[in-house]
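Below is one structure, written out as structure tokens, with a few remarks after it.
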Amino acid sequence: MENKQLLQKPDYDAYANWHSVTASKSVEQVKKVITGCPVWKETAMPKTVWASELGNAQNVVLDFGCGLGRNASMLRRYCGRVLGYDLDSMLSMLNSQPAPLLYDATSSNLQELLQQQVTHVYEAVVWQHIKWSSGATQLALDLITNQPSVRSIYSCWNAAVVHQSAMVAYLLAKGWRLEQSGEVAQDQLVTLANVPHRWYLFAR
Ligand SMILES: C[S@@+](CC[C@H](N)C(=O)[O-])C[C@H]1O[C@@H](n2cnc3c(N)ncnc32)[C@H](O)[C@@H]1O
């Protein structure tokens with residue numbers, strides 16, 4: 001029930017109403033909305049992030065707001081299981097694709113996925129669009145941090161978004177550490193051209 005509130009809240013900024021985007025557009029058009037540009041390739045993580053986790057088949061990563069699976073293969077290099085969490089409408093489009101296996105499981109129920117012994121949470125350009133005042137990101141962070149198996153959270157944002165500092169403060173107040181942070185290198189950025197993005201890596 002709690003999770004449904006998270007999903008149904010009209011908590012997004014003007015950038016995208018994902019239900020109507022998925023209902024009215026083709027897969028190729030939705031991919032362009034996701035990245036804001038015609039290029040479709042994974043968001044490379046800086047080499048220092050999860051460096052010691054490479055090839056660790058015991059890890060389970062939750063791709064929060066997985067979209068159409070852009071980052072799934074990259075995540076598989078760090079984790080034996082990759083779980084995709086997104087809205088039902090986006091997951092329907094993802095799962096209708098005749099693609100190789102991207103995710104071991106997908107669901108719009110965050111709690112259900114987290115209970116699958118998730119060790120790592122990854123999010124790319126999702127929380128930046130959720131209005132902080134809606135409380136939806138805090139609710140998601142509460143569910144994530146309440147899951148004892150989760151030991152690391154990676155988050156990548158458009159650096160112009162002001163409420164990223166609120167997200168950092170929220171996790172620090174919960175006793176998490178900001179382990180690393182930085183700016184995404186321009187040649188690794190696949191989203192609106194020339195918009196700097198910042199990344200954060202949190203640990204318990
Ligand atoms: C800009 S796209 C990024 C997709 C993916 N992370 C990527 O980098 O390709 C934002 C994604 O967040 C998803 N989303 C929006 N609201 C959400 C919510 N409340 N819970 C989970 N995912 C949500 C959207 O459906 C969309 O797939």
Among (1) more than 14 Å from the ligand (Cβ to nearest atom); (2) farther than 19 Å from residue 177 by Cβ; (3) modelled with pLDDT of 95 or more; (4) of a type outside the set (Ser, Thr, Tyr), which single condition is residue 151 missing?
-> (2)
Residues of the stretch 113-147 being part of a loop (DSSP other than H, G, I, E, B), among the polar types (S, T, N, Q) and either out of contact with any Cys (no Cβ under 8 Å at 6 or more places or on another chain) or near the ligand (Cβ under 10 Å from one of its atoms) (or both), in sequence order, are 115, 116, 117, 146, 147
Run down 41, 47 and say which single residue is closer than 24 Å to residue 154 by Cβ, in contact (Cβ under 8 Å) with a residue 12 or more places away in the chain and not polar (S, T, N, Q).
-> 41
Which residues, taken from the stretch 14-54, are under 30 Å from residue 180 (Cα atoms), surrounded by 12 or more Cβ atoms within 10 Å (Cβ to Cβ), within 14 Å of the ligand (Cβ to nearest atom) and not hydroxyl-bearing (Ser, Thr, Tyr)?
-> 16, 31, 32, 33, 34, 36, 37, 39, 40, 42, 44, 45
Any idea how many residues of the stretch 99-112 are more than 21 Å from residue 74 (Cβ to Cβ) and either away from the ligand (no atom under 14 Å from the Cβ) or out of contact with any helix residue (DSSP H, G or I) (no Cβ under 7 Å at 6 or more places or on another chain) (or both)?
-> 1
Taking the stretch 123-145 as the search range and keeping residues that are touching a Ser or Thr at 6+ places or on another chain (Cβ under 8 Å) and closer than 14 Å to residue 66 by Cα, which one is surrounded by the most Cβ atoms within 10 Å (Cβ to Cβ)?
-> 124
Within the stretch 50-99, tally of residues that are of a type outside the set (Ser, Thr, Tyr), in contact with an Asp or Glu (Cβ under 8 Å, 6 or more places away or on another chain) and on the phi < 0 side of the Ramachandran plot | 15
What pairs can you find where one residue is in the stretch 107-135 and in contact (Cβ under 8 Å) with a residue 60 or more places away in the chain, the other is β-branched (Val, Ile, Thr) and more than 10 Å from the ligand (Cβ to nearest atom), and their Cβ atoms are less than 7 Å apart, with a gap of 6+ or different chains?
-> 119/60; 119/150; 120/61; 121/144; 121/150; 121/153; 122/61
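The values are calculated or read from the model by the stated rules, or taken from the named source; none is laboratory data. On a predicted model such as this, the values are computed, not experimentally measured, just so you know. Here Cβ is always computed from backbone atoms with ideal geometry, including for glycine, and neighbour counts include all displayed protein chains.
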